[in-house]
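Accompanying notes for the structure given below.
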Amino acid sequence: MSSIPNPSIETERVGILPSSVAEFRQQEDNEANAFVVSYYYYNDDECEVESLIKNIARSALQDLRKIGSLSKRQDFARLGIGAKPVRNKNAYKSLFNRLPIDIDLLQHKISGNSRMFYFLINQSFHLVAIKNSHIETDKVRHR
């Protein structure tokens, strides 16, 4: 016959799903463990999002989407998200305004001179700024 449950047979067990339709799936919830992008420490004074050209803006958004799908710090490099340390010196000092003292600020190269500055705490990705121009460090370069 058919596998559709017969309501007349199941009436004695009101409120219980018939075994023929009850199904239990155990699956890992990746989203529960994924990094959350936080704008709490976002620095409007340093950010240059409005000056990003179309392709770089698209790349920045794609990178943020990748980050939101990751659950381990080790996966950043696998998906091309850079984690170059930034020191609280010279022209980079302004990026550290309003940040906790003991954080490790990192930078990710979006494209060309465009950079994303961030730090990680547990499963939170704290975006500090997106710069469209290279930060001058007053380094003397020898030829």
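The values are calculated or read from the model by the stated rules, or taken from the named source; none is laboratory data. Keep in mind the model is a prediction, meaning the values are calculated, not measured. In this analysis, Cβ positions are derived from the backbone assuming ideal geometry, glycine residues included, and neighbour counts consider all displayed protein chains.
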Original post:
Which of (1) at pLDDT 85 or above; (2) in contact with a helix residue (DSSP H, G or I) (Cβ under 6 Å, 6 or more places away or on another chain); (3) surrounded by 13 or more Cβ atoms within 10 Å (Cβ to Cβ) is the odd one out, the single condition L79 does not satisfy?
Top reply: (3)
Subject >> Residue under evaluation L70, criteria (1) crowded, with 17+ Cβ neighbours inside 10 Å; (2) within 14 Å of F117 (Cα to Cα), criterion not met >> reply: (2)
Original post:
Which ones in region 78-94 are closer than 12 Å to Y118 by Cα, hydrophobic (A, V, I, L, M, F, W, C) and outside any loop (DSSP other than H, G, I, E, B)?
Top reply: none
Subject >> Residue that is nearest to the chain's Cα centre (by Cα) [pool: residues in region 55-72 that are within 16 Å of S38 (Cα to Cα) and part of a loop (DSSP other than H, G, I, E, B)] >> reply: L70
Subject >> Subset of region 94-137 (residues that are out of contact with any helix residue (DSSP H, G or I) (no Cβ under 9 Å at 6 or more places or on another chain) and on the phi > 0 side of the Ramachandran plot) >> reply: R98, N122
Original post:
Going by the conditions given, is N97 surrounded by 11 or more Cβ atoms within 10 Å (Cβ to Cβ) and at pLDDT below 90?
Top reply: yes
Subject >> Residue identified as polar (S, T, N, Q), modelled with pLDDT under 95, crowded, with 20+ Cβ neighbours inside 10 Å and closer than 18 Å to Y42 by Cα among S133, S114 >> reply: S114
Original post:
Pick from region 82-94 the residues that are more than 19 Å from V49 (Cβ to Cβ) and in contact with a strand residue (DSSP E or B) (Cβ under 7 Å, 6 or more places away or on another chain): which of them is surrounded by the fewest Cβ atoms within 10 Å (Cβ to Cβ)?
Top reply: P85
**OP:** Output the qualifying pairs, or none if there are none: Cβ atoms under 9 angstrom, residues six or more apart or on different chains, first residue in region 37-58 and among the aromatic types (F, W, Y), second residue exposed (fewer than 14 other Cβ atoms within 10 Å of the Cβ) and at pLDDT below 90.
**Re:** Y41/R98
